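Report on one structure; see the data block that follows.
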Amino acid sequence: MFTIQKYNDRRRPQFLILLITVAFMTLGSCKEKRSGSGPAHQSMEMGKIPAHMDSPADGKEVPEVYTCSMHPEIIRDRPGKCPICGMDLIKKSAENKKIEGIDLGVLLRPTNGFVISTLPVTTLEHGAEKIQVEGLGFVTYDTRQVGTISARISGRIEKLYVRYRFQKVSTGQKVMDIYSPELLTAQQNLLFLLKNDASNAGLINAAKEKLLLLGMGREQLQQVITTGKPSLTVSVYSRYSGHIHEAGGMKNGAEPVRGGMRDIAVLTEELPLKEGMYIQKGQTVLYVYDPAKAWAVLNIYGDDQGLIKKGNRVILNAETAPDNPVSGKVDFIEPFFRKEQKTLTVRVYFDNSRGQLLIGSQAKATIYPDQMTGAWLPKDAIVSLGLDKVVFVKYNGGFMPHIVATGYTYNSKTQILNGLAETDTVAQNAQYLMDSESFIKVK
């Protein structure tokens, strides 16, 4: 008896475990039946809609389907809570709608030849544009009015009456006195003829003419004949009115400089010409610039260069006199680009006798070319591909690139010469229809 009882005591825990396992399985089976679990429920748990719920058949009503907004794999056939996050399930539509109005052939077109878009469009606008072109530049001397004072004889400067650059001189004003052995000899020859051969009019007139050609004035010549004594010097007079500038090759008696106007910032520098210096026959010793005769040098940029023509009216406003505009016209267009510049340079001549514009001042000009007539498009409607200009023409619900020939561009408008019909509509802003110029393909 002791042995059998001991054996039963050993098997009792195993038997209890078996009973508990059977009880849990029975409870789980009952709960599954009450919750409606089955094949359909398992398919909905996996995020699949059963075949009888997928779409209406024979006009039958589509069943309601509920899902979780955070966990779309949870699908139920009635409202409830999400088993994962506990949120309320929301109703999901299972209807299938047909999309109409889109041609599959249009959608499959290459993007570099056809672009689908609903951008605003525009058409050609005909009319005449009153064009104004802005130009910047500066005021300088009119080099056509530059006067030169040259030496007619070789000699030494005995007296100099001008001392500094930009000193003002007038017509007939004495500039210097020159001593010349050649001139002295010519005077002595004239006096000898008058004393010893007064009847020889031919030789006497030739001697007088020689002195006049050597630079002696008629009054000074008459004084020599009256007094019977030669003049040791001959006076040099200015035949022009304006400002004095040194001549080329006269830079303080040292290295030569190029002729022409010096730096206008140097106002009162002394002249390199000095008393006692020797000059040669035919040498230009001074320049005279007239500030009453000036011109404005204007720079014209970019697309405006083709608009400017000789004779166009110009209004100048200088920085020194912004309230006193000066009227002029384009008198000359330089046929080349200046060094290191890609601007068109034009000259405007004007009368500056009242001194409205100071030489060297900066000027802003408004040029009025002739009116331009033709067909115009907004500048933004055109894309430049280098040599070609392209617009996007409206066609079958999209836009196709098209090459056009353009003219002038002014005031955000571009002139269209050919390539578009009157009935064509193009995108107002072509930049929105491209990612890169290399993507555009035109025929």
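The values are calculated or read from the model by the stated rules, or taken from the named source; none is laboratory data. Since the structure is predicted, the reported quantities are computational estimates derived from the model, not experimental observations. Don't worry about glycine lacking a Cβ; one is built from the backbone with ideal geometry, like all the others, and counts go over all protein chains shown. Heavy atoms of the whole protein, side chains included, go into the accessibility calculation; ligands, DNA and RNA do not. Shrake-Rupley method; radii C 1.70, N 1.55, O 1.52, S 1.80 Å.
Among the candidates Val175, Val169, Val146, Val121, the residue that is of a type in the set (A, V, I, L, M) and under 30 Å from Asn317 (Cβ atoms) is uniquely Val146.
Residues checked against (1) assigned to a strand (DSSP E or B); (2) open to solvent by less than 70 Å² (accessible area, probe 1.4 Å); (3) without any contact (Cβ under 8 Å) to a residue 24 or more places away in the chain:
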{"residue": "Ala128", "(1), (2), (3)": "yes, yes, no"}
{"residue": "Ile131", "(1), (2), (3)": "no, yes, no"}
{"residue": "Phe138", "(1), (2), (3)": "yes, no, no"}
{"residue": "Arg152", "(1), (2), (3)": "no, no, no"}
{"residue": "Gly172", "(1), (2), (3)": "no, yes, no"}
{"residue": "Ile178", "(1), (2), (3)": "yes, yes, no"}
{"residue": "Leu190", "(1), (2), (3)": "no, yes, no"}
{"residue": "Leu194", "(1), (2), (3)": "no, yes, no"}
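Regarding Val62, is this residue surrounded by 14 or more Cβ atoms within 10 Å (Cβ to Cβ) and modelled with pLDDT of 65 or more? The answer is no for Val62. The test for being among the basic types (Lys, Arg) and at pLDDT 65 or above holds for Lys130. Look through segment 407-423, keep the residues that are open to solvent by 40 Å² or more (accessible area, probe 1.4 Å) and under 13 Å from Ala381 (Cα atoms), and return whichever of them is nearest to the chain's Cα centre (by Cα). My answer is Ser412.
Taken over segment 283-302, the residue count meeting the criterion of being within 15 Å of Phe337 (Cα to Cα) and either over 20 Å from the mean Cα position of the chain (by Cα) or surrounded by fewer than 20 Cβ atoms within 10 Å (Cβ to Cβ) (or both) is 4. Taken over segment 303-325, the residue count meeting the criterion of being open to solvent by 80 Å² or more (accessible area, probe 1.4 Å) and not in a strand (DSSP E or B) is 4. Summed over segment 327-337, residues that are at pLDDT 85 or above and more than 15 Å from Lys309 (Cα to Cα) total 1. Pairs meeting the criteria (first residue in segment 211-240 and without any contact (Cβ under 8 Å) to a residue 12 or more places away in the chain, second residue exposed (fewer than 12 other Cβ atoms within 10 Å of the Cβ), beta carbons under 8 Å, at least 6 apart or on different chains) are Leu212/Arg218.
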